Amino acid sequence: MTTVTQRVAAAAGALGLAFIAPAAAHALPSTALQTDAALQEMFAVHGNIHYSIDGLGINGDRDGQIQVEKAAGDDIVAAFLMAATEDVSAAPTDLTLNGQTVEFTHSATETASGFNFTNYFADVSALIGDDVANAEAGILDFAVNEGVSNATIEGTALVVIFANDDAPSASFVLNFGTANPLGDTFSLNYDALTAPQTDNLVMSIGSAYSYGSGQGSTMSVNGNDVADKAGHFDDCEDFVSGEEIEDNWTCNDGALITVGGIGDSIANPTLGGDWATTSDDELYSLSPFVTVGDTAVTVTTLNASVDDNIFFAGFYLEDIFVEGAVDVETLRTFTPELAETGLDSTTTGFAAGSGVLALVAAGAVMAVRARRSAK
């Protein structure tokens, strides 16, 4: 199966679009590494879409299962894997997904915490695409082996985007990097919202190296408190709900990760409660914090203990069109071979030059503008 990079590159070639390096005004860095930067936009898509997000933390034997939720009518168009690490200064070369080696092409690191949190990003469409496409609808398991860096890889997050004719018209935006634990902000900007654009807006957060109530992060959207204990380790493979310490002794360093996704609820957490009663699963509804006429979603994060690693944010924005984002139908329709494009499929993400995000950059995705989607 061709990667999303190959398909977008081929589509652009077919349409006569030039591949250029990201413009200076674009928020994506010009190299494959960012340091001490907020979460950066990596990918944006619009159309009739469905998405799946899951996280996995592994200790012990290095092996575990990460999941994909596939609905009836789903056609996979893209898949991305992120690895959150503590003091892993080079991309893992033996981490595998579905029995195949993951080639991480982009990384982000921070210096404020002193833990050298470094996170890695890969397009894994080719590694799971055929198996997802051939599977029946439902929850699918894919094997992850973290390799020799298992003890310092806190976990992985898998994001899969589907085209689905029966799904609502929406946009999905994937942000990746390292949020400064001393305080950080990232935003989506758009034209003034009208009803029903405020009705179904969802944000998923990925956080690693968090353990216990004293290590939670606070999070606000448009100046409103959303979470005061974001962060956990409930995507540790051995996690037992209800007992934070006694039954979770294997969920320690090397498996401390939480990602808002499969099995989680968009019901927002109770603020001010103790750790066990906040019900914070890192999946949030943004709808209570936006109103008709708003022109942005601004997310602010802060980790008072300065030892949590917020590495991912995913936004599902129903009935909003993100101008410059990739049309999901383009990804589903254009599937020529890489040889026809002459492009290196690893040149994606932060790196200047060819690839899916160079095309997105040419459309100035970070100057996000929204309008009512056509139904």
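The values are calculated or read from the model by the stated rules, or taken from the named source; none is laboratory data. Quick caveat, the model's predicted, so the values are computed rather than measured. Because the Cβ atoms are built from the backbone with ideal geometry, glycine has one as well, and the counts that use them run over all protein chains shown.
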Quick one: count up the residues across the range 60-114 that are charged (D, E, K, R), surrounded by fewer than 20 Cβ atoms within 10 Å (Cβ to Cβ) and at negative phi. 6
SER217 being within 24 Å of SER107 (Cα to Cα) and within 15 Å of the chain's Cα centre (by Cα): no
Out of the range 217-238, which residues are surrounded by fewer than 18 Cβ atoms within 10 Å (Cβ to Cβ) and at pLDDT below 90? ASP238
Tally, over the range 177-192, of residues that are surrounded by 24 or more Cβ atoms within 10 Å (Cβ to Cβ) and closer than 25 Å to ASP319 by Cβ: 1
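Taking the residues in the range 193-209 that are surrounded by fewer than 19 Cβ atoms within 10 Å (Cβ to Cβ) and not charged (D, E, K, R) as candidates, determine which candidate is nearest to LEU286 (Cα to Cα). Spell out the reasoning first.
Here is the first cut: in the range 193-209, the residues surrounded by fewer than 19 Cβ atoms within 10 Å (Cβ to Cβ) are 194-196, 199-200.
Imposing the further condition that a residue be not charged (D, E, K, R) reduces the set to 194-196, 200.
Details: THR194: 15, ALA195: 14, PRO196: 13, ASN200: 8 Å.
Among those that are surrounded by fewer than 19 Cβ atoms within 10 Å (Cβ to Cβ) and not charged (D, E, K, R), it is ASN200.
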Complete set of residues in the range 96-116 that are in contact (Cβ under 8 Å) with a residue 60 or more places away in the chain and either of a type in the set (S, T, N, Q) or in a loop (DSSP other than H, G, I, E, B) (or both): GLU103, THR105, SER107, THR109, GLU110, THR111, ALA112, SER113, GLY114, PHE115
Is it the case, given these coordinates, that LEU33 is out of contact with any strand residue (DSSP E or B) (no Cβ under 7 Å at 6 or more places or on another chain) and modelled with pLDDT under 90? no
Evaluate the following for VAL148: is it at pLDDT below 95, surrounded by fewer than 16 Cβ atoms within 10 Å (Cβ to Cβ) and within 27 Å of SER210 (Cβ to Cβ)? yes
